[in-house]
Amino acid sequence: MSTSTVLYDVPGPKARRRAHIVGVVIGLVVAAVVAWVIVSLALPRVGADGSTRPGYFDWSRWDVVNDRAFWRAIGNGYLGTLRMAGIAAVLAIVIGIGFSFLRTARTAIVRVPTTIVLEFFRGMPVLLMMLFILLVFSAGSFWAGVWALAVYNGALIGEILRSGVAALPRGQREAGLTVGLTPLATRFLIEFPQAARNMLPIIIAQLVVLLKDTALAYIIGYGELLRQVSNLSNYYGEQYKLSVFLIVLVIYLATNLLLSWIARVVARRTGPGAGRPRIPRRGKVFATQALPTTAIRTRE
Amino acid sequence: MDAVIENFPLLWGGFLRTLALFGIGAVGSLVLGTLVAAMRLSPVAPMRAVATVYTEWLRNTPLTLVLLGFAVVVPNLGLAPRGVDSQTAFFILAAIGLTLYTSPFIAEGIRSGVNAIPVGQAEAARSIGLGFGQTLSEVILPQAIRMVIPPIVNVLIALVKNTSVAGGFFVVELIGASRAAINARGDQVLAILLSVAVFYLAVTIPLGRLQTYVEKRVAVLR
């Protein structure tokens, strides 16, 4: 705290007491909200026909977790999500590399149309692209989802890689050309490896977004994790809807937080300044916490 | 092309509903996001904790899951808006979901913009004898607002595209309208979907231009 308060003087006893009181009040408000949620979930539900159902902490709302078939269905849904995300991620990186090369081509005949196509893809909702591939190319819902995610995220990764190349010192390219490499070889052997390395954390953050967006395939009817909420509550009964929903929510949160954490570790290990001793940062005007790398998302 | 002309009133209605979702979501998430950002920057630790948990939670949840929660689970809990027809009820729920989902991204945009101001600015202001209020209103905020505009416009462009997800949950916005139009004229899928794409570009491209323009106009020269 001592380094962060440039704006005001170090708080005295009065200010500290006030901050303490505010803290206690907030703690109470949060506790009250949590208590209200718990109590209202625990209350029995009255249906439209006057019948009552037990509250959400009753075992009859959760006893599906003893059923093996239930977890098999959840596992299959999760595998469906991971399969779509995995294939789409590989394709997106390949497409992104392709886009970044075409976008920086020396002839305008290649560069200008690529720029227009990229702008078009970036301005489209992914869901519309999924519907387009599903209905116009009559692909199955799996491949419609994969290709829409691959093309959309490929366009974004292409731009990330391009800005990575643009951020390199000019001497890199000049040095490559000077030792007799062709422009293309310079791009491949000198510039591209450095750009990819510098941009790796942002690319991983984009892949987290891609994983999140696989949930869109729910709407076009692909059997991924989210689909299991409606499938399983249709099969086992409406009373399990919230339970399944919460389980799916926890799985998504765990996966994405894990990936974001990996992105942060990668950023520390490979990003600019990796391997050098870490210099303590100077205090920020306001914040007392460092900005996590995942804040540099290119698309939300 | 005739299918598009035939269904134009339907698509136009969907476009207006997309714009309405965008408008509500933008205003709501700007207010909520500013509040969350202020909490995250505040010197009171519990406020920061609440804001951090809120941000990380919503940012790591897929929007489809959020909207599914609002469209399916919330009515299941008996919390759906009452006294309106189901169309309006789903619209309200989707608007709330979009607002909640977008607000942490707005908050992060504001926070990163404020954090980007070099600490020397505040030090300089303090050392020439400006007080807290003067430092903030004369030195920090004028720079922070400029820095914050580009990331926030990015979030708003994403919001325009994200309204499409509501189409999967019983809201007849552009995607919902295009599905209805495709059901009516299955032979003209390509034309209908391309016209929907044009509607989206009609919002996102001007927003992108506005961003470039504002960025150039108010850039902080260093």
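Relative to the longest principal axis of the Cα atoms of chain B, the long axis of helix B:141-166 makes an angle of roughly 20 degrees. Mean-square fluctuations from a GNM of chain A, with a 10 angstrom spring cutoff on Cα atoms, peak among A:VAL110, A:VAL229, A:VAL209 at A:VAL110.
The mean number of Cβ atoms from other chains found within 10 Å of a Cβ in peptide A:115-125 is 4, as a whole number. Comparing A:ALA167, A:ALA196, A:ALA148 in a Gaussian network model of chain A, where Cα atoms under 10 Å apart are tied by springs, the biggest mean-square fluctuation is seen for A:ALA167. Comparing A:HIS20, B:GLY109, B:ALA89 along the charge dipole axis of the protein assembly as shown, the residue lying farthest to the positive side is A:HIS20, per the Cβ-charge model. Taken residue by residue and averaged, Cβ atoms of other chains lying within 10 Å of the Cβ of B:99-107 number 1.
In chain A, which whole DSSP H runs stretch at least 27 Å along their own axis (Cα) and average -0.5 or higher on the Kyte-Doolittle scale?
Span-like helices in chain A: A:13-42, A:68-103, A:141-166, A:192-213, A:241-270.
Relative contact order for chain B: 32 percent, from Cα pairs under 8 Å spaced at least 6 residues apart, divided by residue count. Adding -39500 (n - 2.57) for every DSSP H run of four residues or longer, then dividing by how many residues chain A holds, sets the calculated 222 nm ellipticity at -22000 deg cm²/dmol. Neighbour counts of other Cβ atoms within 10 Å put A:TYR235, B:TYR213 in the fewest-to-most order B:TYR213, A:TYR235. Candidates A:ALA89, A:LEU246, A:TYR78 compared by Cα position along the dipole of chain A: farthest toward the positive end lies A:ALA89, with charges placed on Cβ. For chain A, the relative contact order comes to 22 percent (Cα pairs under 8 Å, sequence separation of at least 6).
Taking the longest Cα principal axis of chain B as reference, the axis of helix B:174-184 is set at about 10 degrees. Between A:THR52 and A:ARG106, the distance separating the two model label sites (each 7 Å from Cα on the Cα→Cβ line) works out to 8.2 nm. Relative to the longest principal axis of the Cα atoms of chain B, the long axis of helix B:45-59 makes an angle of roughly 30 degrees. Around the amide H of A:LEU225, modelled in the peptide plane, lie the amide H atoms of A:THR81, all under 5 Å away and 5 or more residues distant in sequence or on another chain. Counting neighbouring beta carbons within 10 Å and listing from fewest to most, the residues A:THR107, A:THR182 come out as A:THR107, A:THR182. Only Lys, Arg, Asp and Glu carry charge here, each on its Cβ (+1 for the first two, -1 for the last two); on that basis chain B has a dipole of about 500 debye about its Cα centre. Amide H contacts of A:ARG45: A:ARG53, A:GLY55, each under 5 Å away and 5 or more positions distant or on a separate chain (H built 1.01 Å from N in the peptide plane; Pro and chain starts excluded). When peptides A:19-30, A:90-101, B:137-148, B:160-171 are ranked by their average number of other Cβ atoms within 10 Å per residue, the highest-first order is B:160-171, A:90-101, B:137-148, A:19-30.
Read the figures in this text as sums done on the coordinates, not as results from a lab. Computed from a prediction, not measured in an experiment: that's the story for all the values here. No Cβ is skipped: glycine too gets one built from the backbone with ideal geometry, and neighbour counts run over all protein chains shown.
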